[in-house]
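For reference, the structure discussed in these notes is given below.
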Amino acid sequence: MPLTSPDEIASLLESSRTIAMVGASDNPGRASYGVMRFLQQRGWRVIPVNPRLAGQELLGETVVARLADVGEPIDLVDVFRRSEEVGPVVDEAIAAGAGAIWMQLGVVNDAAAARAEAAGLKVVMDHCPKIEVARLGIAGPA
C-alpha cells in the first residue's frame, strides 16, 4: 500500500537525503523547478534527471539523462511525469536500487506502484514533497 499517513510521509522525507527528480525543468515557472529549489534550500541533495537537459547545470547540480546515470545511492525518486509515463521510471528506479518512488500531485499509477512495492520500494502517490514538508513542519533530512 502506498504511504498515506502523515507519520509515514514524514518518516520517508526525514530519512531521505538524496532525491533524484525525474522531469526536472530549467524553467523557473515550472513546478519541478520550484520544488527542487525548495528541497535544496532545506538540505536535501536533489539530482535533476531530464534527457533533454543532460550535461547542463540546474540549480548547482549536473543534469543526468537517466536514473542509471546518477552514480550514487538514491533515497527517493520524485516523479514529475504524467501518470501513464510512470511505469518506465519505476523500472529504472528499481534497477538503480532507489529506496522510494514519489509521484507528484495528480500522478497516480497503481500498476507501477505495485511493481515498486513488490521490489521493496516505498511509494507515495498524488502528493507533493514541498507541500508535505511545509504541512508537516519538517525541517529537512534528519
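Read-outs: derived from the displayed coordinates by stated rules, not from any lab. This one's a predicted model, so the numbers in the text were calculated from it and none came from an experiment. Ideal geometry is used to build each Cβ from the backbone, glycine not excepted, and the neighbour counts take in all protein chains shown.
Which translational diffusion coefficient, to the nearest whole µm²/s, is obtained for the chain from the Stokes-Einstein equation, given a Kirkwood hydrodynamic radius over C-alpha pairs, 20 °C and 1.002 mPa s?
146 µm²/s
Over segment 6-136, what is the percentage of antiparallel beta bridges among all DSSP beta bridges, to the nearest 5?
Of those bridges, close to 10 percent are antiparallel.
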For this session: Between residue 56 and residue 40, with labels modelled 7 Å along Cα→Cβ, what's the label distance in nm to one decimal, could you check?
Result: 1.4 nm
Exercise. To the nearest 20 debye, what charge dipole does the chain have about its Cα centre, counting +1 at the Cβ of each Lys and Arg and -1 at the Cβ of each Asp and Glu?
Worked result: 340 debye
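Given axes a ≥ b ≥ c from the Cα gyration tensor, I'd like to know whether segment 79-142 is rounded (a/c under 1.5), prolate (a/b larger than b/c) or oblate. Could you put the intermediate results ahead of the total?
Numbers: a/c = 2.36, a/b = 1.48, b/c = 1.59.
It comes out oblate by the Cα gyration axes.
In the calculated pair distance distribution of segment 33-108, what percentage of Cα-Cα distances lie above 20 Å? Before the final figure, lay out each step's value.
Working: 784 of 2850 pairs.
When every Cα pair of segment 33-108 is considered, 28 percent fall beyond 20 Å.
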For this session: May I ask which residue of 55, 79, 112 lies farthest towards the positive end of the charge dipole of segment 6-136, with charges of +1 (Lys, Arg) and -1 (Asp, Glu) on Cβ and the Cα centre as origin?
Result: 55
Problem set entry | Difference of contour (0.36 nm per residue) and Cα-Cα distance, residue 26 to residue 114 | 28.6 nm
Exercise. What residues have an amide H closer than 5 Å to that of residue 58, excluding those fewer than 5 places away on the same chain, when H is modeled at 1.01 Å from N in the peptide plane?
Worked result: 63
For this session: Evaluate E = 1/(1 + (r/R0)^6) for residue 95 and residue 134, where r is the Cβ-Cβ distance and R0 equals 30 Å; express this FRET efficiency to the nearest 0.05.
Result: 0.40
Exercise. Roughly how many Å is it from the Cα centre of segment 1-50 to that of segment 67-142, as a whole number?
Worked result: 9 Å
